[in-house]
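The values are calculated or read from the model by the stated rules, or taken from the named source; none is laboratory data. Since the model is a prediction, treat every value here as computed from it, not as a measurement. Here Cβ is always computed from backbone atoms with ideal geometry, including for glycine, and neighbour counts include all displayed protein chains.
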There are 2 protein chains.
Amino acid sequence: MQTLTVDLGTRSYPIHIGSGLLTRMEWIVPHIRGHQIAIITNETVAPLYLESLKQNLTDFQLTEVILPDGEQYKTLDELNRIFDRLLEQRHNRTTTLIALGGGVVGDMCGFAAACYQRGVDFIQIPTTLLAQVDSSVGGKTGVNHPRGKNMIGAFHQPLCVLADVNVLSTLPDRELAAGLAEVIKYGLITDAPFFDWLEQNIDKLLARDEQALTEAVLRSCQNKAQVVAGDEKEHGRRAILNFGHTFGHAIETHQGYGNWLHGEAVATGMVMAVDLSVRLGWVQPELRERTRALLQQCALPVTPPGDMTQESFLALMSIDKKVVSGQLRLVLLKRLGQAVVTSEITQERLEEFLHMVLTELSHQLQTS
Amino acid sequence: MQTLTVDLGTRSYPIHIGSGLLTRMEWIVPHIRGHQIAIITNETVAPLYLESLKQNLTDFQLTEVILPDGEQYKTLDELNRIFDRLLEQRHNRTTTLIALGGGVVGDMCGFAAACYQRGVDFIQIPTTLLAQVDSSVGGKTGVNHPRGKNMIGAFHQPLCVLADVNVLSTLPDRELAAGLAEVIKYGLITDAPFFDWLEQNIDKLLARDEQALTEAVLRSCQNKAQVVAGDEKEHGRRAILNFGHTFGHAIETHQGYGNWLHGEAVATGMVMAVDLSVRLGWVQPELRERTRALLQQCALPVTPPGDMTQESFLALMSIDKKVVSGQLRLVLLKRLGQAVVTSEITQERLEEFLHMVLTELSHQLQTS
């Protein structure tokens, strides 16, 4: 087992990464203040892992909340169901919520913990690769609004995170790939050697080799933790973690939640962001090819949906949280392993870029 | 004008108290980061003060959200209406929300600010005495749940507070009195000289003398700020601010939101808490008489509703947030101006006390 500490002063917390941790409650129990626990999970994860978790927590007053599975249920209404259950079972301020599930469960459980009685403790047990490398570090929690993703939320750090790579064995291929998109992101934005390592080990990762997965989760979390530690509330540099996300969110919103997986949209968004970096002359075209090849090995999409127009991109990008005072901030690459947040790209330059990308795409579609 | 700083490190903020501040935007504008403002108010306050506020904010993209008036609308659903409007008008992370109204508006606006895009700025312009002396200090925000008051919320500090005693001229008598209940609370729990001052100046306050009101608001905020500065997230001493509230919340919940005003329930709750302190031999019976007399001068209720039983008190007190790990913590007086949080009162002692209070009460009702 590997342990990494996310360094956030009084809100610092450990991430334990390894195989078979789900039943190793010695990593969890010391963190729990009271005698009440509520496990928040969903109907897909519950039949697989809820019982083994519960078996090791018999000393507590235990409540379980099983949410429907899917991004479309990441809503205020479902959040309220969690509050209903907690109040019905008389959970008090010393209760601890445990998120057992993917990013949606983690975000909702974390936000419920942030708001229940103005803040209670929570622990993350992420069961998807995406959640292990993304939502387990950084304390972003929240729900969606029909007008935009994650528009309602809070920063709330967990007490600890257990990332059990063993549970990734039951993850559908498509979700494993979506998680790998975020893993590859860390290589691109902050860690060139890790990108090289990924190119060499992608087959092992796709074959779910536990040692390779542990290494990939660890290095991803390390990279993310380093960025977050310097900018907890995303006033500056933390925004580089949104690499590929501005284009990606536009794609996700256009497709409707749940049709493209988040990681799939981010994969395409990253190719677009590398492409724009190439066209600006900031990086070599070779990096675009390497990025595309690596993502394609994971069977991830690398081009936006055929029916997305320049106008739909522009409309959906400007509602995104990455817009400050009406100015679009984009995350682009200066070189492999070095992302920057820039406001240099004018609306005109962006329109021109989208026009080129979408024209080439439609040309490819016609000739293919 | 008087200015008081609430000392919370990087989250410190000023409270300006005086007459006619509502149109003095020089106290507000320097705090605003972006070019967007959303004023959250209600249908009672809007016709009175919204226009004068707006007139002085013409340089901004202005959105207004007018909520229905009343505690029964302090819900997640109404909160979502605020999010709808903000997103519809494309407010971004640099927006500033302004709460123009009483405690309900302040709590909802503050909570909306805490959650919108994971946290934006907000400014309080409290228009009731209760809100000026209570919710303007401390950063507690939130909404109610059918199973309990303020069960969903966050700590989120405003950028600044404008407490204009001039607007209290339009406050109904009953609401003025409810605010005075909280003012009297500060005398009881932390400031004996202020309690004496209140006994001497209660007529002026009831006549809405602006100088007396400014003094009362200032000293209340000073007392509260001192307590909050030492314990922002209510892990310890801050709980003394809940003096009278454990009994009070039970009364409010029993009556249904909005039937007794919060301050009215707190008035009765405080008499009960002083009474219990007397019966424990901690304070002299004289203080109970002084407290009761001062509250009665304000025409505030000093006895619980006739239909409340011992059982209903116990049931409604135990869901209250003041319960830690199943143990009831009560705030009682050691002397005038000195409140303590105690877990010493056993369930039996409390039941005995409630039995005595309610029996005497029903006896009084029969003989009156």
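If you check A:Glu232 against the conditions, is it surrounded by fewer than 22 Cβ atoms within 10 Å (Cβ to Cβ), touching a residue at least 60 places away in the same chain (Cβ under 8 Å) and of a type in the set (Asp, Glu)? When the stated conditions are applied, A:Glu232 passes them. Could you tell me whether any residue of the stretch A:268-288 is modelled with pLDDT of 85 or more, surrounded by 17 or more Cβ atoms within 10 Å (Cβ to Cβ) and not in a helix (DSSP H, G or I)? The answer is yes, given that some residue of the stretch A:268-288 is modelled with pLDDT of 85 or more, surrounded by 17 or more Cβ atoms within 10 Å (Cβ to Cβ) and not in a helix (DSSP H, G or I). Yes or no: B:Leu57 assigned to a helix (DSSP H, G or I) and of a type in the set (A, V, I, L, M)? No; evaluated as a whole, the condition is false for this residue. The residue of the stretch B:132-151 that is surrounded by the fewest Cβ atoms within 10 Å (Cβ to Cβ), among those that are out of contact with any helix residue (DSSP H, G or I) (no Cβ under 6 Å at 6 or more places or on another chain) and of a type in the set (S, T, N, Q), is B:Asn150. Can you find a residue in the stretch A:70-84 that is of a type in the set (S, T, N, Q) and surrounded by 23 or more Cβ atoms within 10 Å (Cβ to Cβ)? No - not one qualifying residue is present in the stretch A:70-84. Evaluation of A:Asp307 against the conditions (1) at pLDDT below 95; (2) part of a helix (DSSP H, G or I); (3) among the acidic types (Asp, Glu) shows that the sole unmet condition is (2). Of all residues in the stretch A:90-137, those satisfying the criterion of being assigned to a loop (DSSP other than H, G, I, E, B) and within 11 Å of chain B (Cβ to nearest Cβ) are A:Arg90, A:His91, A:Asn92, A:Arg93, A:Thr94, A:Thr95, A:Gln117, A:Arg118, A:Gly119, A:Val120.
In the stretch A:50-88, the qualifying residues are those that are more than 10 Å from chain B (Cβ to nearest Cβ) and among the polar types (S, T, N, Q), and the one that is farthest from A:Gly34 (Cα to Cα) is A:Gln72. Of all residues assigned to the stretch B:39-49, at least one qualifies as being more than 12 Å from every other protein chain (Cβ to nearest Cβ), in a helix (DSSP H, G or I) and surrounded by fewer than 18 Cβ atoms within 10 Å (Cβ to Cβ). The condition of being modelled with pLDDT of 95 or more, assigned by TED's automatic domain parsing to the domain that holds A:Ala154 and part of a loop (DSSP other than H, G, I, E, B) does not hold for A:Thr63.
With respect to the conditions (1) of a type in the set (Gly, Ala, Ser); (2) modelled with pLDDT under 95; (3) in contact with an Asp or Glu (Cβ under 8 Å, 6 or more places away or on another chain), A:Ala38 lacks only one, and its number is (2). May I ask you to verify whether B:Leu159 is under 18 Å from B:Gly70 (Cβ atoms) and away from chain A (no Cβ under 14 Å)? No. In this structure, B:Gly70 does not qualify as within 30 Å of B:Lys149 (Cα to Cα) and at pLDDT 95 or above.
Scan the stretch A:193-204 and tell me whether some residue there is within 14 Å of chain B (Cβ to nearest Cβ) and either among the β-branched types (Val, Ile, Thr) or farther than 30 Å from B:Ile152 by Cβ (or both). For the stretch A:193-204, residues within 14 Å of chain B (Cβ to nearest Cβ) and either among the β-branched types (Val, Ile, Thr) or farther than 30 Å from B:Ile152 by Cβ (or both): absent.
Yes/no per residue for (1) touching a strand residue (DSSP E or B) at 6+ places or on another chain (Cβ under 8 Å); (2) modelled with pLDDT of 95 or more; (3) not assigned by TED's automatic domain parsing to the domain that holds B:Gln226:
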{"position": "B:Cys115", "(1), (2), (3)": "yes, yes, yes"}
{"position": "B:Val120", "(1), (2), (3)": "yes, yes, yes"}
{"position": "B:Gln124", "(1), (2), (3)": "yes, yes, yes"}
{"position": "B:His145", "(1), (2), (3)": "yes, no, yes"}
{"position": "B:Gly148", "(1), (2), (3)": "no, no, yes"}
{"position": "B:His156", "(1), (2), (3)": "yes, yes, yes"}
{"position": "B:Asp164", "(1), (2), (3)": "yes, yes, yes"}
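Among the residues of the stretch A:201-245, those that are among the small types (Gly, Ala, Ser), in a helix (DSSP H, G or I) and modelled with pLDDT of 95 or more comprise A:Ala212, A:Ala216, A:Ser220. Could you list, in sequence order, all residues of the stretch A:138-155 that are within 9 Å of chain B (Cβ to nearest Cβ), outside any strand (DSSP E or B) and not basic (Lys, Arg)? Once the filter is applied, which keeps residues that are within 9 Å of chain B (Cβ to nearest Cβ), outside any strand (DSSP E or B) and not basic (Lys, Arg), the stretch A:138-155 yields only A:Pro146.
If you go through the stretch B:85-96 one residue at a time, do you hit one that is among the aliphatic types (A, V, I, L, M) and in contact with a Phe, Trp or Tyr (Cβ under 9 Å, 6 or more places away or on another chain)? Within the stretch B:85-96, one or more residues are among the aliphatic types (A, V, I, L, M) and in contact with a Phe, Trp or Tyr (Cβ under 9 Å, 6 or more places away or on another chain).
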